[in-house]
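The values are calculated or read from the model by the stated rules, or taken from the named source; none is laboratory data. Nothing here was measured: the structure is a model prediction, and the numbers come from that model. Every residue, glycine as well, gets a Cβ built from its backbone with ideal geometry; the counts of neighbours run over all protein chains shown.
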């Protein structure tokens, strides 16, 4: 498979570049399971009949999924999208995508900034409602994935203000995001620049870059300070924290933090 060859090239070059596979033909659909296993994320052309199934396949592989390709094509020449285009954007979010993407609208369109603002507005409003629930059909097949689900369930049950994920590679953030916390933000903290950038594609996450995360107590103290500032020094804040500092094969900590 070409993806495996690309992966080997990146390893030889010691590159931290991620592989995003774009699915746009029947060959891609026929090999979607293998593609998801070999990729760091998938990009799906906006095709309503197969989109939902592709999102589920990507989520089973625990990788981010991007819905793309001229979702608001009318705005290349017009200040407002059509009702159908608004529905397409909203449906992409309902179906559980991690990110939505524009192409021609911002590369050759007359109103690139307005288009981005319009799409953000649709996304913000749509995220106030639950997704179609693909996460309920996912089977956790590792202890770490069970911990991601547990962190979400604990946060929901105690009405936490957020989930804190301390991560080196981003895997911790992915497993928590996959559980789809509803109206609970995921605050991700990492000391890896590449991980920090890639977290922008992981749904519901807000990434923060720290100089170091090797000392657990110091890291938690710094995170507490940042979150206090983020919430305007509001009292009585409650967070569920899941940590993968030394190894993302097991958890150093999952706990409730009161600020």
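The table below lists the values:
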| item | result |
| --- | --- |
| Meets criteria (at pLDDT 90 or above and either more than 22 Å from residue 183 (Cα to Cα) or surrounded by 12 or more Cβ atoms within 10 Å (Cβ to Cβ) (or both)) for residue 109 | yes |
| Failed item in (1) touching a strand residue (DSSP E or B) at 6+ places or on another chain (Cβ under 6 Å); (2) surrounded by 18 or more Cβ atoms within 10 Å (Cβ to Cβ), with residue 178 passing the rest | (1) |
| Complete set of residues in segment 218-243 that are closer than 19 Å to residue 181 by Cα and under 21 Å from the mean Cα position of the chain (by Cα) | 227, 239, 240, 241, 242, 243 |
| Residue, farthest from residue 169 (Cα to Cα), within segment 69-84, restricted to residues that are under 25 Å from the mean Cα position of the chain (by Cα) and crowded, with 21+ Cβ neighbours inside 10 Å | 72 |
| Which listed residue, of 166, 122, is in contact (Cβ under 8 Å) with a residue 12 or more places away in the chain, surrounded by 15 or more Cβ atoms within 10 Å (Cβ to Cβ), assigned by TED's automatic domain parsing to the domain that holds residue 59 and over 14 Å from the mean Cα position of the chain (by Cα) | 122 |
| Matching option when the condition is at pLDDT 85 or above, surrounded by 14 or more Cβ atoms within 10 Å (Cβ to Cβ) and more than 12 Å from residue 163 (Cβ to Cβ), among 228, 218, 234 | 228 |
| Helices (runs of 4 or more DSSP H) (entirely within segment 112-212) containing at least 1 residues that are in contact with a helix residue (DSSP H, G or I) (Cβ under 6 Å, 6 or more places away or on another chain) | 112-126, 143-157, 171-178 |
| Subset of segment 237-247 (residues that are surrounded by fewer than 17 Cβ atoms within 10 Å (Cβ to Cβ) and modelled with pLDDT under 90) | 246, 247 |
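Per-residue answers, yes or no, for (1) in a strand (DSSP E or B); (2) modelled with pLDDT under 90; (3) assigned by TED's automatic domain parsing to the domain that holds residue 88; (4) surrounded by 14 or more Cβ atoms within 10 Å (Cβ to Cβ):
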{"residue": "14", "(1), (2), (3), (4)": "no, yes, yes, no"}
{"residue": "27", "(1), (2), (3), (4)": "no, yes, yes, no"}
{"residue": "35", "(1), (2), (3), (4)": "no, no, yes, yes"}
{"residue": "42", "(1), (2), (3), (4)": "yes, no, yes, yes"}
{"residue": "56", "(1), (2), (3), (4)": "no, yes, yes, yes"}
{"residue": "59", "(1), (2), (3), (4)": "no, yes, yes, yes"}
{"residue": "62", "(1), (2), (3), (4)": "no, yes, yes, yes"}
